[in-house]
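The values are calculated or read from the model by the stated rules, or taken from the named source; none is laboratory data. Since this is a predicted model, take the numbers as computed values, not measurements. Cβ: placed from backbone, ideal geometry, glycine included. Neighbour counts: every protein chain shown.
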Amino acid sequence: MSALTMTSRTTPAAERADWRPWLRRGVFYLALLAVWEGLARSGLWPGYLFPGPLTVLGALWDGLASGLFVRGALASLQRIVIGYLISLGIGTLLGLLLGRIRVLDETLGSLVMGLQALPSVCWLPLAILWLGLNERAILFVVVMGALFSITLGVESGVKNTPPHYVQAARNLGARGPALYTDVILPAALPAVLSGLKQGWSFAWRSLMAAELLYYTLSLGNLLQTGRDLNDAAQVMAVMVMIIAVGVAADQLVFTPLERRTRERWGLHR
Amino acid sequence: MSMLGALPWAVGRSKDRTQAGALNSASGLSLRLEDVSRVFSHHGQTVAALTSITLEVAAGEFVCLLGPSGCGKSTLLNLIAGLDTPTTGAIRVGGQPVEGPGTDRVLLFQEAALFPWLDVQRNVEFGLKQAGLPPQQRAAIARQWIERVNLTGFERHYVHQLSGGMRQRVAIARALAIDPAMLLMDEPFGALDALTRDRLHQELETLWAATRKTVIFVTHNVREAVALGDRVLVFSPRPGRIVGEFHIDLPRPRSLEDPGLVTRTAEVMAVLRAADADERAHGGRGR
């Protein structure tokens, strides 16, 4: 996928062939857009319900130019970053405890497993009852979305850490918290990363769901506004924004982090 | 040969002299095992891994523990390291009873156990960081040890970029950087090819001569034991016990082509074979 992972290992022939998937991908999307535009123009459905890609692009441009989408995206981003960081802190601590303390794993661990199965937007009614329909309720749902994935990721990473790392570290004088920060967590990182990534995507989904209900400017709420205005083009344009933010987080944060870890450890695909 | 000549290795590196002085301050400590045994119980069954080991190792001595796998050599190292406690008997290092692991005794394993998330430099710095040394000082000490194990230029390499022999060198540098009194080596070169192993034998001998650490070296390779040890102790399995002791007074540095070494290797081999035959004859029940 990236030039970096390709350089060391692949042959020149493989590099020459590398543009082909991109070509196929390009053709696929162009065809998809053409079919979409064709269907929109066919008159089968009214334009306000099924706009073509050009109309959606126009709506996207308007939204961006007016600053509405940008401010909405920033509001959503702020929430997810805060919520995610809270989850990261609690989840890491909880995962470490579950991974290292057997009694906790047998008791609390099973509860975490169960809660992981619950889509976090299911917490929203309770959050509203407890906290009111406000910023804190939204944040609560985001935290619940990421928390259990991160916890379970850290836990499995810690459990699968080869014991000889810990043994060597203790032998070299590592004690107490340093054993965790300098050895157990970094040793678990490759396994932890997938949990972090899953946590992010769950949190992002929960946030969008929660924002549908909460009337302040945000991406989720812009979807709802589009619906209220019978403006399918805006709804679709906001959907494009939501995908873009999700992909950007993946490409700018998680993929580089994963790649760096894999390269350091020598875990090539 | 004069050990003193090799000792002040930091002479001429005026910049680092003070640190180097502190670094090389601790030479080996003596080791004393009195009637040490270790019995493991597993699902109600007891297995004696070691029985009645009595052993005295002088400060700065290089002792090889030789025996087939399953003879409790690694158990003995873990006991000395303080990672395990003997069922009976007492272990003293430098006159002090062993109570848990300590940085005066560092274990080295066959798999090197380097940290893959750290580069060579930071691996060697690890123990120094745990000891609370400031970054500049530990970087300087690590650089010196990396140089002494002939890995200068590889400071920024990660573990997967190193060969097996280089990994063992890093592990040795990492252990010596924290200036232990004793190295406990558990078949550290077992997975290396013969040429690399021979080179590492020479390097280890040189480092040992210069630092005067006490070395307990576990191996099942007779030639390795004779090439390295001041003394070779032959172990018999199930339960592990010492069945032979050889003082190897060949001159150092030793050459593998030395006919004396070949002769001593044959002698040790004979005892090992006899122990093995005895073990087979008694079906491992000869308690």
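Points to keep in mind about this one:
- Candidates B:Leu114, B:Leu65, B:Leu55, B:Leu107 - the one that is more than 17 Å from B:Phe40 (Cβ to Cβ), touching an Asp or Glu at 6+ places or on another chain (Cβ under 8 Å) and of a type outside the set (S, T, N, Q): B:Leu107
- So A:Leu212, is it surrounded by fewer than 21 Cβ atoms within 10 Å (Cβ to Cβ) and away from chain B (no Cβ under 14 Å): yes
- Of everything listed in (1) among the β-branched types (Val, Ile, Thr); (2) surrounded by fewer than 20 Cβ atoms within 10 Å (Cβ to Cβ); (3) at pLDDT below 90, the single unmet condition for B:Val98 is (2).
- Hey, B:Leu195 without any contact (Cβ under 8 Å) to a residue 40 or more places away in the chain and either at negative phi or touching a helix residue (DSSP H, G or I) at 6+ places or on another chain (Cβ under 9 Å) (or both) or not: yes
- Top-ranked residue in region A:233-269 [being basic (Lys, Arg) and outside any loop (DSSP other than H, G, I, E, B); ranked as nearest to the other protein chains (Cβ to nearest Cβ)]: A:Arg264
- Test for A:Ala146: is it in contact with a helix residue (DSSP H, G or I) (Cβ under 9 Å, 6 or more places away or on another chain) and either outside any helix (DSSP H, G or I) or within 30 Å of B:Arg174 (Cα to Cα) (or both): no
- Residues that are among the aliphatic types (A, V, I, L, M), within 18 Å of A:Asp182 (Cα to Cα) and facing chain A (nearest Cβ under 7 Å), drawn from region B:100-119: B:Ala113
- Pick from region A:175-233, criterion among the polar types (S, T, N, Q) and without any contact (Cβ under 8 Å) to a residue 60 or more places away in the chain, ranking: farthest from A:Ala59 (Cα to Cα): A:Thr181
The rows are residues; the columns are (1) more than 26 Å from the chain's Cα centre (by Cα); (2) in a loop (DSSP other than H, G, I, E, B); (3) crowded, with 22+ Cβ neighbours inside 10 Å; (4) more than 12 Å from every other protein chain (Cβ to nearest Cβ).
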| residue | (1), (2), (3), (4) |
| --- | --- |
| A:Ser156 | no, no, no, yes |
| A:Thr161 | no, yes, no, no |
| A:Tyr165 | yes, no, no, no |
| A:Pro186 | no, no, no, no |
| A:Ala191 | no, no, no, yes |
| A:Lys197 | no, no, no, yes |
| A:Ser201 | no, no, no, yes |
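- Among the residues of region B:65-83, those that are buried (at least 23 other Cβ atoms within 10 Å of the Cβ) and part of a loop (DSSP other than H, G, I, E, B) comprise B:Gly67, B:Cys71, B:Gly72.
- Residues being within 30 Å of B:Ile178 (Cα to Cα) and among the small types (Gly, Ala, Ser) - total across region A:142-199: 9
- Odd one out for A:Thr225 among (1) touching a helix residue (DSSP H, G or I) at 6+ places or on another chain (Cβ under 6 Å); (2) assigned to a helix (DSSP H, G or I): (1)
- Complete set of residues in region B:185-214 that are closer than 17 Å to B:Gly67 by Cα, touching a Phe, Trp or Tyr at 6+ places or on another chain (Cβ under 9 Å) and not charged (D, E, K, R): B:Met185, B:Pro188
- Exactly one residue out of A:Asn230, A:Asn221 is more than 11 Å from chain B (Cβ to nearest Cβ), under 14 Å from A:Ile242 (Cα atoms) and surrounded by fewer than 23 Cβ atoms within 10 Å (Cβ to Cβ), and it is A:Asn221.
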